[in-house]
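The values are calculated or read from the model by the stated rules, or taken from the named source; none is laboratory data. Source: prediction; values computed, not measured. Neighbour counts are summed over all protein chains in view; Cβ atoms, including those assigned to glycine, are modelled from backbone coordinates with ideal geometry. Areas reflect the complete protein model, heavy atoms only, side chains present, ligands, DNA and RNA absent. Shrake-Rupley method; radii C 1.70, N 1.55, O 1.52, S 1.80 Å.
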Amino acid sequence: MMNEIISSTNITVHPTEESRIHEVDFNNLVFGKKFSDHMFEMKFSEGVWQEPVIKPFGTFEVTPASNVLHYGQAVFEGMKAFYVDENTVNIYRPETHHERFNHSCRRMCIPETSYETFIDALETLIRLDHQWVPKKNGTALYIRPFIFASDNLLAARSSDKFTYQIITSPVGAYYAEGFNPVSLTTPEKYVRAVVGGTGNVKTAGNYAASFLPAQKAKEKGFTQVLWLDAKEQKYIEEVGTMNIHFLIGDTLITPGLNGSILPGVTRRSVIALAKEWGYNVEERKISIDEVFEAYEDGSLKEVFGSGTAAVVSPVGLIEHNGKTIELDREKPGEFAQKCFDEITDIQYGRKEDQFGWVHPVSI
Ligand SMILES: Cc1ncc(COP(=O)(O)O)c(C=O)c1O
């Protein structure tokens with residue numbers, strides 16, 4: 001096997017001897033099932049990040065005493081890159097994702113990583129595996145950077161050893177057959193996060209804890225949970241893996257980043273666009289009662305989620321304490337559709353990127 005250094009931060013690359021790309025049906029991509037030929041890896045020990053490598057995607061050994069398996073010391077990111085043409089792939093907002101990645105690291109006692117290595121790893125992976133970037137409109141290369149504690153020690157304290165990896169996966173169009181409006185229900189007795197906890201960072205345990213309430217919402221016939229604040233069960237926080245927005249009159253209201261809501265990258269893009277387009281924009285507490293009142297007086301125009309997976313997800317139904325809001329949408333409202341079009345046009349390089357959101361990679 002040939003080892004070469006082809007990156008600006010000296011990532012050693014061990015190329016695969018045999019690509020697995022023939023195993024992929026690019027017309028039927030299922031989220032998170034197929035992984036590109038190569039992965040990035042960098043280990044932390046002796047107080048420093050060691051030499052970065054890119055090697056064939058594959059399994060690896062983990063000690064049964066690894067902190068992450070018992071105490072969940074782990075952080076991750078979820079982001080995408082888009083096929084523009086035969087020369088270019090656009091990574092969407094890598095700096096913002098990396099800022100959040102480091103923010104998650106700080107909260108979880110995990111050593112931070114440099115943006116230089118992060119972007120070099122992404123560029124090198126994308127160049128090596130450019131054939132894995134799906135080409136059809138709506139498809140993308142999903143990118144999953146993550147770091148986990150990998151000490152061989154069962155003590156309930158922060159690890160001294162960490163493993164940082166980046167894997168990528170081709171994903172299909174989220175909306176292959178038109179938009180699917182989601183239905184939401186507020187949980188009866190569960191909360192997602194408390195201020196001072198870990199809700200505002202992307203750490204493994206947040207997701208594990210949300211599976212049971214999500215399962216219960218599904219059993220009741222709803223797509224996802226609409227989380228309310230933990231203290232008063234009154235203010236709206238977010239949804240599953242999306243932030244939420246309300247267009248009431250001509251004002252876009254988004255729950256403010258109070259310390260328990262994940263600061264979504266798409267949320268930031270939606271807010272920036274709304275400001276650019278001259279809407280009134282408010283980031284503040286919004287109670288479930290306020291949304292019901294706006295629905296009853298007819299001023300609630302649109303409700304939609306925002307996130308990397310779908311960009312925007314129209315909300316068709318909200319249930320809370322036996323009362324419902326029915327927006328009955330087959331498609332997003334005008335504003336959400338405009339956000340979807342603008343963001344995807346920028347992602348695929350169809351429109352000028354006046355915000356500097358995309359990072360083009362020459363392939
Ligand atoms: C809990 C949670 N909220 C919101 C989001 C949306 O964030 P982003 O737009 O960065 O994907 C995500 C997805 O990452 C999430 O997991």
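Report relative contact order for the stretch 4-173 in percent, whole number only (criteria: Cα-Cα under 8 Å, sequence separation at least 6). Before the final figure, lay out each step's value.
Details: 339 pairs, mean separation 56.4, N = 170.
Relative contact order here is 33 percent.
Which of the pairs 218/301; 80/136; 135/331; 80/301 have their Cα atoms more than 21 Å apart in this structure?
Working: 218/301 26 Å; 80/136 14 Å; 135/331 25 Å; 80/301 30 Å.
Correct reply: 218/301; 135/331; 80/301.
Ignoring the sites themselves, what is the longest stretch of the chain with no GluC sites (Glu not before Pro) in a DSSP loop and at most 11 other beta-carbon atoms within 10 Å?
Working: sites that count: 17, 18, 46, 61, 86, 177, 188, 232, 330, 352.
Segment 233-329 is the longest.
Residue by residue through the stretch 341-357, which ³J(HN,Hα) values in whole Hz follow from phi under the Karplus form 6.51 cos²θ - 1.76 cosθ + 1.60 (θ = phi - 60°), with glycine and proline marked x?
4, 5, 5, 5, 4, 5, 4, 8, x, 7, 9, 4, 9, 5, 8, x, 7
So for the chain, averaging the separation of alpha carbon pairs under 8 Å that are six or more residues apart and normalising by length, what relative contact order in percent results?
Relative CO of the chain lands at 18 percent.
Measuring with a 1.4 Å probe in the full set of protein chains, what accessible area per residue, in whole Å², belongs to the chain? Present the calculation step by step, with values, prior to reporting the outcome.
Values: 16820 Å² over 363 residues.
On a per-residue basis, the chain sits at 46 Å².
To the nearest 500 deg cm²/dmol, what mean residue ellipticity at 222 nm is calculated for the chain from DSSP H runs of n ≥ 4 alone, each contributing -39,500 (n - 2.57), summed and divided by the residues? Before the final figure, lay out each step's value.
Details: 7 runs with 84 residues, N = 363.
Helices in the chain give a 222 nm mean residue ellipticity of -7000 deg cm²/dmol.
Along the charge dipole of the chain, Cβ charges K/R +1 and D/E -1, which of 269, 54, 207 sits furthest on the positive end?
The residue sitting farthest along the positive end of the dipole is 207.
Under a 1.4 angstrom probe, counting protein chains only, how are 79, 242 ranked by accessible area, largest first?
Largest accessible area first, the list is 242, 79.
Once you have the Cα-Cα distance between residue 65 and residue 50, take 0.36 nm times their residue separation minus that, and quote the gain in nm to one decimal.
Working: separation 15, 0.36 × 15 = 5.40 nm, distance 2.18 nm.
Full-extension gain reported as 3.2 nm.
Tell me, how many Å apart are the Cα centres for the stretch 186-243 and for the stretch 326-363?
If you average the Cα positions of each part, the centres end up 26 Å apart.
Which of 115, 45, 72 sits closest to the plus end of the dipole of the stretch 4-173, meaning its Cα is farthest towards the positive end, when Lys and Arg get +1 and Asp and Glu get -1 on the C-beta?
Sorting the options by dipole projection puts first 72.
If you take every DSSP beta bridge whose two residues both sit in the chain, what share of them, in percent to the nearest 5, is antiparallel? It would help to have the intermediate numbers written out before the result.
On the way: 61 of 75 bridges.
Antiparallel bridges: around 80 percent, rounded to the nearest 5.
Just the number, please: carbon plus sulfur as a percent of the accessible area of the stretch 4-173, 1.4 Å probe, no ligands or DNA/RNA counted. Display every interim value, and only then the final one.
Details: 3940 of 7860 Å².
Its accessible area is 50 percent carbon and sulfur atoms.
So if I place +1 on the C-beta of Lys and Arg and -1 on the C-beta of Asp and Glu, and nothing else carries charge, what would the dipole magnitude of the chain be about its Cα centre? I want it in debye, nearest 20.
On the way: 36 positive and 49 negative charges, 146 e Å.
Dipole about the Cα centre, nearest 20: 700 debye.
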